[in-house]
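Shown next, in structure tokens, is the structure this report addresses.
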Amino acid sequence: MININKICQHFSLGEPKSSLIKIASGLTNEVFLLATTEGKFVIKRIDLGSVRARPKREYQYTENLAAKLHSLGIPTVVALAVNQNFILAEHHHIILAYPFISGEVLYGPIGPVSEEDAKKSGTLLGLIHQLNIRYSPVSTSFGYSYVIPIQQWHEYIDTAKQQKLSWYTELGSKLETFLNWNRMHREADQRLAKNLIYSHGDYFPHNLMWHDNKPILIDWELAGRINPSLEFALALILFSGFATENQFNRQVVKFFLDGYYATGACLRDDLDDAIWGAIGKAWLNWMAFQAKRSLDKKLSKEERQAASQTIIAFYSNLETLLARIPLMKSLLNT
């Protein structure tokens with residue numbers, strides 16, 4: 001149970017006028033709309049016990065980064081702070097509060113976006129990268145690793161084989177190829193790690209809210225140190241619809257690139273490394289998470305089966321994406 005009065009008192013939000021209204025939820029969080037005598041606010045509750053949650057202190061760091069970028073002209077929603085502390089602790093959860101801003105999330109996580117919005121999205125990412133923030137806005141460096149150790153994958157595969165899980169049965173003959181993809185990602189990550197900046201870290205179409213036809217960057221939970229070329233390559237894949245079944249729009253690639261390059265930003269790392277970094281972050285890491293879920297006896301049979309089906313679907317999607325990579329590279333070189 002969320003203590004609304006405690007939240008209102010802590011963040012000086014006035015008196016609540018109604019109950020919380022849930023407007024979104026994810027693996028680690030729930031998001032609510034709260035109306036008070038002082039206006040409307042967005043309340044985010046993060047479950048620190050979630051498998052995907054970061055250490056508590058890092059949410060303070062990510063909101064500090066969002067505030068810093070906002071002060072440098074990046075459009076984002078800054079969390080409310082009390083004595084420079086953004087977090088209200090509540091048992092094994094933390095609470096963040098934000099001013100309500102009228103806007104709409106127009107796109108799903110894998111796009112595509114419109115040509116006009118692609119240019120604006122590319123521009124926004126380019127502006128962040130041009131800030132070239134190399135040092136943490138707090139005293140401690142922070143980031144999020146997406147590399148899965150090879151021994152971890154072998155453990156998942158061996159256990160799935162013993163339990164005759166559907167994802168092993170379906171993909172068994174393809175797992176050598178899959179392990180090779182993971183090797184490509186790990187090797188690329190080692191090279192990409194030599195060039196890191198502080199950025200949003202989760203620049204997906206669904207993390208842009210649109211207000212008056214302008215993007216506002218939301219959800220900074222994965223913010224931290226990241227290679228800018230990786231972030232650029234993944235954004236290009238997602239915003240253009242490359243990862244969809246049949247909605248890819250090559251004109252969106254052009255407009256996204258136009259917006260990005262107009263800021264002076266450019267690709268500073270090997271393109272193949274950037275692409276494998278993107279694949280590792282958005283596909284391989286997620287498949288590892290689902291593999292772990294498929295083996296988790298604490299979950300229901302239905303939840304474990306759903307995890308297995310997700311692995312199978314993501315493998316198929318990744319096969320399709322990899323077949324399209326030469327086209328993406330050719331568009332980047334034109």
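Here, each number is a calculation from the coordinates, and none is a lab measurement. Note that the structure is predicted; figures quoted are calculated from it, not measured. Here Cβ is always computed from backbone atoms with ideal geometry, including for glycine, and neighbour counts include all displayed protein chains.
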For the chain, set up a Gaussian network in which alpha carbons nearer than 10 Å are linked by springs, and say which option among Leu175, Leu96, Leu65 fluctuates the most. Leu175
What residue among Pro149, Asn207, Ile133 has its Cα farthest toward the positive end of the dipole of the chain, where the charges are +1 on Lys, Arg and -1 on Asp, Glu, each on the Cβ? Pro149
Just want the ordering: Cys8, Cys266, from fewest to most Cβ atoms lying within 10 Å of their own Cβ. Cys266, Cys8
Set Lys and Arg Cβ to +1 and Asp and Glu Cβ to -1, take the dipole of the chain about its Cα centre, and tell me which of Tyr261, Ala193, Ala233 lies farthest positive. Ala193
Just to confirm a number: summing +1 for Lys and Arg and -1 for Asp and Glu over residues other than Ser145 whose beta-carbon lies under 13 angstrom from that of Ser145, what do you get? +3
Beyond 24 Å, the calculated P(r) of the stretch 51-207 holds a percent of Cα-Cα pairs equal to 55 percent
For the stretch 130-260: relative contact order, % (alpha-carbon pairs under 8 angstrom, 6 or more apart): 25 percent
Taking a straight Cα-to-Cα line shorter than 16 Å from Lys22, and setting aside same-chain lysines fewer than 8 residues away, one finds Lys40, Lys44
Note down the net charge around Tyr135, summing +1 for each Lys or Arg and -1 for each Asp or Glu among other residues with Cβ under 11 Å from its Cβ. +3
Give the cross-link partners of Lys164 among the lysines, using a straight C-alpha distance below 16 Å as the criterion and excluding same-chain residues fewer than 8 apart. Lys174, Lys292, Lys297, Lys301
What distance in nm lies between label points placed 7 Å from Cα along the C-beta direction at Arg52 and Leu331? 2.6 nm
For the stretch 13-141, averaging the sequence separation of alpha carbon pairs under 8 Å that lie six or more residues apart and dividing by its residue count, the contact order in percent is 20 percent
What is the magnitude of the charge dipole of the stretch 60-130 about its Cα centre, with +1 placed on the Cβ of each Lys and Arg, -1 on the Cβ of each Asp and Glu, and no other charges, expressed in debye to the nearest 20? 220 debye
Please report, in debye to the nearest 20, how large the charge dipole of the chain is about its Cα centre when each Lys and Arg carries +1 at its beta carbon and each Asp and Glu carries -1 there. 480 debye
The residues Ser199, Ser173, Ser308, sorted from fewest to most surrounding Cβ atoms within 10 Å, come out as Ser173, Ser308, Ser199
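Please order Ile110, Ile226, Ile74 by the number of other Cβ within 10 Å, starting at the fewest.
Sorted ascending by nearby Cβ count, the order is Ile74, Ile110, Ile226.
Rounded, prolate or oblate: pick one for the stretch 11-99, where a ≥ b ≥ c are the square roots of the eigenvalues of its C-alpha gyration tensor, a/c under 1.5 means rounded, and failing that, prolate if a/b is larger than b/c, else oblate.
Note, shape of the stretch 11-99 comes out oblate.
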Taking Cα pairs under 8 Å and at least six residues apart, what relative contact order does the chain come out at, in percent? 19 percent
Could you name the aspartates and glutamates in cross-link range of Lys6, using Cα to Cα under 13 Å and dropping any fewer than eight places away on the same chain? Glu15, Glu90
Sparsely packed trypsin sites (Lys or Arg not before Pro) within the stretch 1-35, loop by DSSP, other Cβ within 10 Å at most 16: Lys17
By the C-alpha gyration tensor axes a ≥ b ≥ c (rounded if a/c is under 1.5, else prolate when a/b exceeds b/c, else oblate), the shape of the stretch 75-148 is prolate
